[in-house]
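Some notes on the structure that comes next.
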Amino acid sequence: MKNFLLVVFLCFQVLVQGQNNGVIKGSVIDKQSEIPLVGATVELLGAEQPTGVSTDIDGYFKLQNVPLGRRAVRVSFVGYESVTIPNVVVTSGKDAVINIALKEAFNSLEEIVISSATKKDKAINTLTSVSARQFSLEEVTRFSGGRADVGRLAANLAGVSSPDDSRNDIVIRGNSPVGLLWRLEGIPIPNPNHFAAFGSTGGPVSAVNTNMLKNSDFITSAFPAEYGNAIGGVFDLGFRKGNKDEYEYTLQAGAFSGLEAMAEGPLGKNNGSFLVAGRYSLVGLIGAGAGGASSATPNYYDISYNIDFGKSKFGNFSLFGIFGNSDIDFLGDSIDDDDLFAAEDEDLFVKSGLGVFGLKHQITIGESSYLKTIVSNSFTKSDIFSDRYINKNTAQERVIRYLEADNIEDRWSFSTLFNSKLSNKNTLRAGVLVESFNIDTTLKDREGQPDLNNDLDPDLVTIRDVDENMTIVQPFVQGQFRFTENLTLNAGLHSQYSTLNEQFVVEPRAGVNYKLSKNHSLSFGYGLHYQPISPAILFLNENVNGQSVQTNKDLDFVQSNHFVLGYDAKLGRSWRSKVEVYYQDISNAAVEPFSSSYSSLTEGADFEFDDNRVSLVNDGTGFNRGIELTLEKFFSDGYYGLLTTSFFESKYKGSDGVERNTPFNNGYVVNLLTGREFSIGKSGKDVLFFDTRVSFSGGRYYTPIDLNASVQAGFEILQEDLAFSQQYDDYFRWDLKFGIKLNSKNKKQSHQFYLDIQNVTDRDNVFVRRYNRLTNEVNQVDQIGFFPDFGYRFQF
């Protein structure tokens with residue numbers, strides 16, 4: 001009996017101990033060929049007893065009974081540079097997954113393994129030389145004020161400005177947000193935001209579920225040859241795979257991210273997995289306003305998935321996608337004076353939707369090559385209607401339809417990419433992307449229109465009415481050449497052809513990295529980039545001899561030459577600094593055929609594009625130049641820090657030849673982020689955390705309003721001869737976040753609570769100065785003030 005009780009007691013102790021621990025697992029691949037490495041050694045560092053495993057035939061490994069908290073893992077393989085992954089967060093509620101790519105040593109000697117630390121400052125895409133950084137799920141959810149939004153995360157990085165609390169537009173080095181390319185799983189996607197306007201790349205609420213993301217790349221200049229149709233930057237996102245060993249679930253609630261449920265687990269007999277998540281607007285359920293921006297209630301939901309069918313003799317197949325819908329009604333009777341988006345004499349109804357549905361196939365060819373092919377269909381849609389109250393609150397009050405917009409973009413995409421590791425010194429990559437667009441868009445508006453039918457109201461004029469098909473073909477080839485252990489060249493060619501105007505362009509790209517020493521390196525990048533004018537401008541109607549003609553349709557691509565020089569220095573075990581100087585020369589921008597201050601380079605600053613710019617020509621120019629400094633301490637010893645500083649100038653010329661500020665020429669941006677974690681409790685398994693962010697930037701440039709002309713016309717008229725000549729006050733915001741992470745003692749469960757206080761000082765940052773047609777005044781509307789966000793996550 002005593003022996004039986006002793007066995008029961010020991011079993012209980014083992015069970016409790018096991019459930020107090022967690023799991024680290026993942027895969028190890030060759031960085032150049034992306035082929036799994038069989039037999040790589042994975043070690044848990046700092047453990048009381050040496051713990052290590054070897055990868056299997058699929059490059060997969062699993063470390064069990066790992067103590068909770070932040071742990072370090074070292075991965076090594078004979079003939080490869082070993083990698084140490086610090087700060088792997090191990091919890092009781094979810095397995096920690098890390099995927100490691102090892103680079104073959106320049107001189108492959110079986111007895112030599114070179115050690116190197118993990119490089120978060122380097123892109124996952126190995127053919128990227130400059131202006132790139134990878135980010136993780138933990139970073140997106142960690143930073144204060146981020147609202148679990150990848151766009152707002154990017155605003156903390158050097159070269160990015162986003163002094164607008166209402167939207168997550170990404171302004172990179174003075175470029176319009178329209179110049180950004182969004183990619184998911186290797187394929188371009190439309191604007192992945194709720195309440196997105198036609199032709200834009202940002203919005204108020206992200207539809208990208210951050211819990212779905214794996215480590216991804218953000219590239220701000222001179223990007224590699226496989227990226228095209230962008231002049232500003234690239235956001236290259238990837239979905240992680242679900243847990244292929246066991247089922248896991250996540251429940252979450254947040255003021256901005258909404259209510260969320262996520263499930264993942266094994267699928268099929270080939271080590272496949274599924275990952276599915278759905279979110280619904282919390283403020284929509286409770287009927288609250290739009291986070292201090294408006295009293296109107298936003299409703300939105302999205303569903304994301306990544307289904308991996310595992311490896312077979314035919315290769316690896318997976319399905320991925322996003323589907324989302326959103327709507328909001330701004331009713332004039334319930335609108336406040338300081339509403340950011342609506343007016344008291346108008347009812348505005350906004351609906352939008354997006355969808356991405358992709359099938360990906362990857363197959364290994366030989367010992368060092370693979371072929372990846374993706375077929376996808378994506379769409380965006382937006383419906384906007386407004387009814388204007390004439391003589392509101394009088395006996396003569398009446399309502400007329402003032403605006404109608406119905407926009408649908410449907411896109412079929414085919415991408416194929418061949419990657420081959422020719423040797424440990426040379427890699428070749430080539431492929432082609434074909435995108436077929438159907439654009440069905442209608443815009444009718446009374447604003448600024450004459451009264452030709454004499455009904456005492458401006459006529460409802462058709463501004464845009466098109467159902468157009470076009471195809472863009474983008475072949476590319478690029479390679480990496482390691483001339484010495486310290487000198488690497490990435491070079492390639494990208495090209496584009498559009499069936500809309502039958503234009504064909506070739507874009508050379510090149511980047512050089514040179515290691516001055518173990519901790520210091522220089523980099524240089526050059527890229528020629530082209531991008532079509534936004535369809536919101538291309539398909540505008542002009543009345544020519546009584547006929548509606550799309551006189552912008554044949555506009556050429558905008559051209560941009562990027563030049564970047566960078567210097568990197570490692571300042572210690574977990575510190576690094578980086579300085580980049582850049583110059584961007586832009587030509588072929590769309591301007592008016594007569595003397596005017598207008599340029600397409602100024603579009604994308606808000607929800608709307610100018611709808612009266614027709615017969616445009618490609619004579620506009622511009623430039624962006626600046627210097628960026630990053631000082632970063634990666635998480636270690638319980639804390640992290642990030643200081644990014646950018647000083648830049650963004651100018652353009654319209655057809656009048658006058659050099660002006662773009663609306664994105666803030667001049668400077670400074671971000672300081674830091675955070676601290678404390679282990680609490682007897683076992684130290686729980687964590688108390690604090691994070692804070694302080695952001696400064698110059699104010700946005702704007703065009704002053706001609707008040708007298710506006711009063712006479714009844715709508716806002718700008719002084720276009722003084723375009724972007726005035727600047728709002730400097731932007732300042734301080735956010736503070738704190739919370740707790742609790743790991744269960746005897747179950748596979750974890751909890752996280754946080755409170756994120758945004759704009760702690762309740763600073764009045766300017767949103768816009770606009771003409772008020774009811775009072776005949778120019779009013780200033782401020783951005784979101786003090787606002788507390790909150791969140792709770794339960795993983796099991």
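The values are calculated or read from the model by the stated rules, or taken from the named source; none is laboratory data. This structure is a prediction, so every number in the text was calculated from the model and none was measured. In this analysis, Cβ positions are derived from the backbone assuming ideal geometry, glycine residues included, and neighbour counts consider all displayed protein chains.
So which residues in region 677-709 are part of a strand (DSSP E or B), among the polar types (S, T, N, Q) and modelled with pLDDT of 95 or more? Before the answer, list the steps.
At the first step, the residues of region 677-709 found to be part of a strand (DSSP E or B) are 677-680, 686-697, 701-702, 705.
Now restrict to residues that are among the polar types (S, T, N, Q): 679, 692, 695, 697.
If the condition is that a residue be part of a strand (DSSP E or B), among the polar types (S, T, N, Q) and modelled with pLDDT of 95 or more, then THR692, SER695, SER697 are the ones that fit.
Restricting to region 548-581, name every residue that is among the acidic types (Asp, Glu) and surrounded by fewer than 16 Cβ atoms within 10 Å (Cβ to Cβ).
Of all residues in region 548-581, those among the acidic types (Asp, Glu) come to 554, 556, 568, 580.
The answer is ASP554, and nothing else.
Within region 382-405, track down each residue that is of a type outside the set (A, V, I, L, M, F, W, C) and buried (at least 18 other Cβ atoms within 10 Å of the Cβ). Selection gives SER382, SER386, ARG388, TYR389, TYR402.
Among the conditions (1) hydroxyl-bearing (Ser, Thr, Tyr); (2) under 21 Å from ILE322 (Cα atoms); (3) surrounded by fewer than 24 Cβ atoms within 10 Å (Cβ to Cβ), THR126 misses just one, which is (2).
I want to confirm something. Restricting to region 27-43 and keeping residues that are more than 16 Å from GLU104 (Cα to Cα) and surrounded by fewer than 22 Cβ atoms within 10 Å (Cβ to Cβ), which single residue is nearest to the chain's Cα centre (by Cα)? Restricting to residues being more than 16 Å from GLU104 (Cα to Cα) and surrounded by fewer than 22 Cβ atoms within 10 Å (Cβ to Cβ), the top hit is SER27. The residues of region 550-573 that are farther than 27 Å from ARG173 by Cα and touching a strand residue (DSSP E or B) at 6+ places or on another chain (Cβ under 6 Å) amount to a single one, THR551. Among the residues of region 589-626, those that are part of a strand (DSSP E or B) and surrounded by 21 or more Cβ atoms within 10 Å (Cβ to Cβ) comprise ALA589, ALA590, VAL591, GLY620, GLY622, ASN624, GLY626.
Conditions (1) out of contact with any Pro (no Cβ under 9 Å at 6 or more places or on another chain); (2) farther than 27 Å from LEU755 by Cα, marked per residue:
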residue: VAL617; (1), (2): no, yes
residue: GLY638; (1), (2): yes, no
residue: TYR652; (1), (2): yes, yes
residue: GLU659; (1), (2): yes, yes
residue: THR674; (1), (2): yes, no
residue: PHE678; (1), (2): yes, no
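Any chance region 585-607 includes a residue that's aliphatic (A, V, I, L, M) and without any contact (Cβ under 8 Å) to a residue 60 or more places away in the chain? Yes, the conditions are met somewhere in region 585-607. Among the residues making up region 362-373, those that are crowded, with 16+ Cβ neighbours inside 10 Å and either in a strand (DSSP E or B) or charged (D, E, K, R) (or both) are GLN362, ILE363, THR364, SER369, TYR370, LEU371, LYS372, THR373. Scanning for something surrounded by fewer than 17 Cβ atoms within 10 Å (Cβ to Cβ) and modelled with pLDDT of 90 or more, does region 9-19 turn up at least one residue? No, region 9-19 contains no residue that is surrounded by fewer than 17 Cβ atoms within 10 Å (Cβ to Cβ) and modelled with pLDDT of 90 or more.
Quick one: in region 752-780, which of the residues that are surrounded by 18 or more Cβ atoms within 10 Å (Cβ to Cβ) and more than 27 Å from the chain's Cα centre (by Cα) is modelled with the highest pLDDT? Here the answer is TYR771. With respect to being outside any strand (DSSP E or B) and surrounded by fewer than 22 Cβ atoms within 10 Å (Cβ to Cβ), ASP585 falls outside the description. Within region 267-301, the only residue that satisfies the criterion of being in contact (Cβ under 8 Å) with a residue 60 or more places away in the chain, in a loop (DSSP other than H, G, I, E, B) and farther than 27 Å from PRO788 by Cα is ASN271. Taking region 656-685 as the range and being within 17 Å of LYS633 (Cβ to Cβ) and touching an Asp or Glu at 6+ places or on another chain (Cβ under 6 Å) as the test, only GLY675 passes.
One residue alone among SER326, SER304, SER376 is part of a strand (DSSP E or B), of a type in the set (Ser, Thr, Tyr), closer than 30 Å to GLN783 by Cα and modelled with pLDDT of 95 or more, and that residue is SER326. Just one of (1) modelled with pLDDT under 95; (2) closer than 30 Å to ILE29 by Cβ; (3) among the hydrophobic types (A, V, I, L, M, F, W, C) fails for PHE414. It is (1).
Which ones in region 243-259 are out of contact with any Ser or Thr (no Cβ under 7 Å at 6 or more places or on another chain) and of a type outside the set (A, V, I, L, M)? Once the filter is applied, which keeps residues that are out of contact with any Ser or Thr (no Cβ under 7 Å at 6 or more places or on another chain) and of a type outside the set (A, V, I, L, M), region 243-259 yields ASP245, GLU246, TYR247, GLU248, TYR249, THR250, GLN252, GLY254, PHE256, SER257. Scanning region 129-159 for residues that are of a type in the set (A, V, I, L, M, F, W, C), at pLDDT 85 or above and either assigned to a loop (DSSP other than H, G, I, E, B) or under 19 Å from ARG676 (Cα atoms) (or both) yields VAL130, PHE143, ALA148, LEU153, ALA155, LEU157, ALA158.
Being of a type outside the set (Val, Ile, Thr), closer than 26 Å to TYR227 by Cβ and assigned to a strand (DSSP E or B) is true for just one of LEU443, LEU428. Which residue is that? Full working, then the answer.
Numbers: LEU443 fails: closer than 26 Å to TYR227 by Cβ.
Just one listed residue meets the conditions, LEU428.
The requirement of being touching a Ser or Thr at 6+ places or on another chain (Cβ under 7 Å), part of a strand (DSSP E or B) and of a type in the set (A, V, I, L, M) is fulfilled somewhere in region 737-744, by at least one residue.
Being over 30 Å from SER650 (Cβ atoms) and at pLDDT below 95 is the filter here; which residues of region 713-740 pass it? Correct list: ALA713, GLY714. Scanning region 389-415 for residues that are outside any strand (DSSP E or B) and free of Cβ contacts under 8 Å to residues at least 24 places away in the same chain gives ASN391, ASN393, THR394, ALA395, GLN396, GLU397. Here ASP619 clears all of (1) over 30 Å from PRO204 (Cα atoms); (2) among the charged types (D, E, K, R); (3) in contact (Cβ under 8 Å) with a residue 40 or more places away in the chain except the condition numbered (3).
For region 670-693, the criterion of being more than 29 Å from the chain's Cα centre (by Cα) and within 30 Å of ASN624 (Cβ to Cβ) is met by none of the residues. Residues of region 44-68 that are outside any loop (DSSP other than H, G, I, E, B) and crowded, with 20+ Cβ neighbours inside 10 Å: LEU44, PHE61, LEU63, VAL66. Output the qualifying pairs, or none if there are none: Cβ atoms under 9 angstrom, residues six or more apart or on different chains, first residue in region 738-764 and closer than 25 Å to ALA293 by Cα, second residue part of a loop (DSSP other than H, G, I, E, B) and aliphatic (A, V, I, L, M). Matching pairs, first to second residue: ASP756/ALA255; GLN758/ILE784; ASN759/ILE784.
Please verify whether VAL234 is crowded, with 24+ Cβ neighbours inside 10 Å, under 11 Å from the mean Cα position of the chain (by Cα) and not aromatic (Phe, Trp, Tyr), treating the condition exactly as stated. Steps first, answer last, please.
Numbers: crowded, with 24+ Cβ neighbours inside 10 Å: yes; under 11 Å from the mean Cα position of the chain (by Cα): yes; not aromatic (Phe, Trp, Tyr): yes.
Yes: the conditions hold for VAL234.
Residues checked against (1) surrounded by 15 or more Cβ atoms within 10 Å (Cβ to Cβ); (2) free of Cβ contacts under 8 Å to residues at least 40 places away in the same chain; (3) charged (D, E, K, R):
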site: LEU452; (1), (2), (3): no, yes, no
site: PRO458; (1), (2), (3): yes, yes, no
site: ASP465; (1), (2), (3): yes, no, yes
site: GLN474; (1), (2), (3): yes, no, no
site: GLN480; (1), (2), (3): yes, no, no
site: GLU485; (1), (2), (3): no, no, yes
site: LEU489; (1), (2), (3): yes, yes, no
